[in-house]
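Below is one structure, written out as structure tokens; comments come after it.
The values are calculated or read from the model by the stated rules, or taken from the named source; none is laboratory data. Just so it is clear, the model here is predicted, and its values are computed rather than measured. Positions of Cβ are backbone-derived with ideal geometry, glycine not excepted, and every protein chain shown enters the neighbour counts. These area figures cover heavy atoms from the full protein model, side chains too; ligands, DNA and RNA do not enter into them. Shrake-Rupley method; radii C 1.70, N 1.55, O 1.52, S 1.80 Å.
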Amino acid sequence: MKDVAERAGVSRSAVSRTFTDGASVSIKMRRKVEKAARELGYSPNALASSLTTGRTKLIGLVSNNFHNPIFLEVFDLFTRGLQDRGLRPLLVNLSDETDPENSVRMLRQYSVDGVVVASSTLPHGFAKAFRDAGVPVVHSFGRYSSNPQVHVVGIDNVECGRTAAATLVERGYSNVAFLGGPEAATSTQDRYAGFLSELAKHPNIKLSHSFADAYSFDAGRDEMLRLLKNEPAEAYFCGDDVLSIGALSAIRESGLSVPGDIGLIGLNDMEMARWQNIDLTTIHQPIRQIVNSSIELMEATLTEPQRYPEARIFPCTVIERGTLRPVSTNA
């Protein structure tokens, strides 16, 4: 910075203001400083700057579901969105972590300014542990609550379960099933609860359920292969798209057709669901809006750390494709 100031013939504070977002500096001064910086190959050191400002602009982006392809879309949106706002994402894999306190200690070692917990399967305690440690936190894809303890952005999974059940009833299925992800996951519990509550209105419809070990292709495929050894249901609401795609693979491998023999409906509307060889009927989760809203809340919380916890819940809609039979005229 000293060398740039000398070459440009300005003060060091003028150089500092030139490379500080929002600082006041004239156009003439900025051009002189930027020219000198180019000639010397100078660029500001973000880590050194953080020692002065007390802000690293690092945002911990943590999840535990890296084997689910939907999170490639989620992380792409998050990393680009944070970077566009001058923030730096620090991606953290918590797949083998069960103690939220360990996660807090690890993230604090990197002096993150805030944390986004991007998971529907991590327990609520993970997000709350960051809040209790004084770290601004937003729980994306978290469990809806009318009285949230931390900022939550996501969908009403109970309502999604109801929507899935109503969709199967509308198509005249008389034997339906829920194929969920891990039973301990709050997203699984809520989607199943909504599915049950809607089908309780139709006692003539046979209902069964099962749970896969993970939200993954292999887990969905293995669970469906197990179910096909007995008498399978006519249609399944799978806990998410990747489980649905695994189930679809198992059904076809067994010589059956979808939706001719078995119907499937998923949840998320991930990119793969639109592929021609999959063509999955699913419930669309507005991922882009959830990510953008999460980043907005994080920015607001960095400015106002004591901001009252807020829940932002987005509606979901059914995307019609080719894995359910058409609506029954007799339904």
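Name every residue in segment 185-197 that is under 14 Å from N175 (Cα atoms) and free of Cβ contacts under 8 Å to residues at least 40 places away in the same chain, in order of residue number.
Going residue by residue through segment 185-197, those that are under 14 Å from N175 (Cα atoms) are 195-196.
Selection gives L196 alone.
Q109 - would you say it is free of Cβ contacts under 8 Å to residues at least 24 places away in the same chain and surrounded by fewer than 22 Cβ atoms within 10 Å (Cβ to Cβ)?
Values: free of Cβ contacts under 8 Å to residues at least 24 places away in the same chain: yes; surrounded by fewer than 22 Cβ atoms within 10 Å (Cβ to Cβ): yes.
It is true that Q109 is free of Cβ contacts under 8 Å to residues at least 24 places away in the same chain and surrounded by fewer than 22 Cβ atoms within 10 Å (Cβ to Cβ).
Out of curiosity, is R143 assigned to a loop (DSSP other than H, G, I, E, B) and surrounded by 18 or more Cβ atoms within 10 Å (Cβ to Cβ)? Break it down stepwise before answering.
On the way: assigned to a loop (DSSP other than H, G, I, E, B): yes; surrounded by 18 or more Cβ atoms within 10 Å (Cβ to Cβ): yes.
Against the criterion (assigned to a loop (DSSP other than H, G, I, E, B) and surrounded by 18 or more Cβ atoms within 10 Å (Cβ to Cβ)), R143 qualifies.
If R80 satisfies every condition in (1) assigned to a loop (DSSP other than H, G, I, E, B); (2) modelled with pLDDT of 85 or more; (3) of a type outside the set (A, V, I, L, M, F, W, C) but one, which is the exception?
Result: R80 fails condition (1) only.
Looking at L196, L179, which one is assigned to a helix (DSSP H, G or I) and either within 13 Å of L207 (Cα to Cα) or of a type in the set (A, V, I, L, M) (or both)?
On the way: L179 fails: assigned to a helix (DSSP H, G or I).
Going through L196, L179 in turn, the sole match is L196.
Mind listing whichever residues of segment 264-291 are open to solvent by less than 10 Å² (accessible area, probe 1.4 Å), farther than 25 Å from Q83 by Cα and out of contact with any helix residue (DSSP H, G or I) (no Cβ under 7 Å at 6 or more places or on another chain)?
Across segment 264-291, the qualifying residue is only T281.
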